[in-house]
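The values are calculated or read from the model by the stated rules, or taken from the named source; none is laboratory data. Small disclaimer: the values here were computed from a predicted structure and weren't measured. Cβ placement follows ideal geometry from the backbone for every residue including glycine, while neighbour counts extend to all protein chains displayed.
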Amino acid sequence: MTRAGFVIGTVALFALAGSAAAADLPVKAPPAAVPAAYDWSGFYAGGHLGYAWGSSNWTAVPGISGALNFAQPIDNFRGRMGNFQDALALSRATGLDANDALAAVRTYQSRPGVSLNVAQQVTDTVGVFGRAGWADGNVEPWDNTDCDRTIEAGVSLNGKRWNRPDDTFGIAGVINGISSAHTAYFNAGGLGIVIGDGKLPHYGLEQIIETYYSYALCSSIEISLDYQFIRNPAYNTDRGPVNVFGVRFHWHF
């Protein structure tokens, strides 16, 4: 039996910087006057291809039917994007600002990527999950955020043990990274789709610990409280750490 759903969500986020002033939060530097080359008009297309399988023959706990599920999607987004190495070479040769240089080398090209998702039910109340992803870090992203590789693992518990079977508590750890060419572009003063400090002399992997509790008001409405601790936000070891608090509202019908 399948069910189609329509989801309406709202999110409120609050960020606090530990041992840092508000100015230390990872905010995008204000852009200078930009030429017409920054016009992003054009045709953009994305492709998503993948497969998934599962098995209920293995069980981690006697009496529990385990379900080990895999999914491996392959993505290929195509649009008017620039190559970081080409932009840096043009910037060095002509003295152009890194952002102007990236705009000047934009052509219709692809940014391929691949990801792997794994989920395992351990007991009737405990599940574990993991995800890993990679994308071509030489090409600028435009569809999501500035991330070229990621790995994540976590545990989720439903509220059956405390008589709230429709509630969920989860905790996960995430590590994000970008390529050397992507790092060099940021260090040259480049700005990304989401981040950019004007310089990135001290690169570090972005490390996140996230926990949440989803409270079911009824079968179709959930409210979640979320907390994230982020070390090296925007891949900058001179920033943060940052504490992010969020509230999510989920309604499906």
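Quick notes
- Filter result (of a type in the set (D, E, K, R) and modelled with pLDDT under 95) within the stretch 223-244: Asp238, Arg239
- Identity of the residue in the stretch 90-114, in a strand (DSSP E or B) and surrounded by 19 or more Cβ atoms within 10 Å (Cβ to Cβ), that ends up nearest to the chain's Cα centre (by Cα): Gly113
- If you go through the stretch 127-149 and pick out every residue that is in a loop (DSSP other than H, G, I, E, B) and either touching a Lys or Arg at 6+ places or on another chain (Cβ under 7 Å) or surrounded by 16 or more Cβ atoms within 10 Å (Cβ to Cβ) (or both), you end up with 9.
- With respect to the conditions (1) crowded, with 16+ Cβ neighbours inside 10 Å; (2) not in a strand (DSSP E or B), Asp124 lacks only one, and its number is (1).
- Subset of the stretch 203-237 [out of contact with any helix residue (DSSP H, G or I) (no Cβ under 9 Å at 6 or more places or on another chain) and farther than 30 Å from Pro165 by Cβ]: Gln207, Ile230, Arg231, Asn232, Pro233, Thr237
- Matching residues in the stretch 213-239 - criterion: being touching a Phe, Trp or Tyr at 6+ places or on another chain (Cβ under 7 Å) and under 13 Å from Gly159 (Cα atoms): Tyr213
- Within the stretch 206-253, being of a type in the set (A, V, I, L, M) and either over 14 Å from Thr168 (Cβ atoms) or assigned to a strand (DSSP E or B) (or both) holds for Ile208, Ile209, Ala216, Ile221, Ile223, Leu225, Ile230, Ala234, Val242, Val244, Val247.
- Exactly one residue out of Pro201, Pro165 is assigned to a loop (DSSP other than H, G, I, E, B) and at pLDDT below 95: that is Pro201.
- For the stretch 176-218, filtering for residues that are surrounded by fewer than 17 Cβ atoms within 10 Å (Cβ to Cβ), under 22 Å from Leu96 (Cα atoms) and of a type in the set (S, T, N, Q) leaves 1.
- Check on Tyr185, assigned to a helix (DSSP H, G or I) and modelled with pLDDT of 95 or more: yes
- Residue selected from the stretch 150-162 under the condition modelled with pLDDT of 95 or more and surrounded by fewer than 17 Cβ atoms within 10 Å (Cβ to Cβ), by the criterion nearest to the chain's Cα centre (by Cα): Ile151
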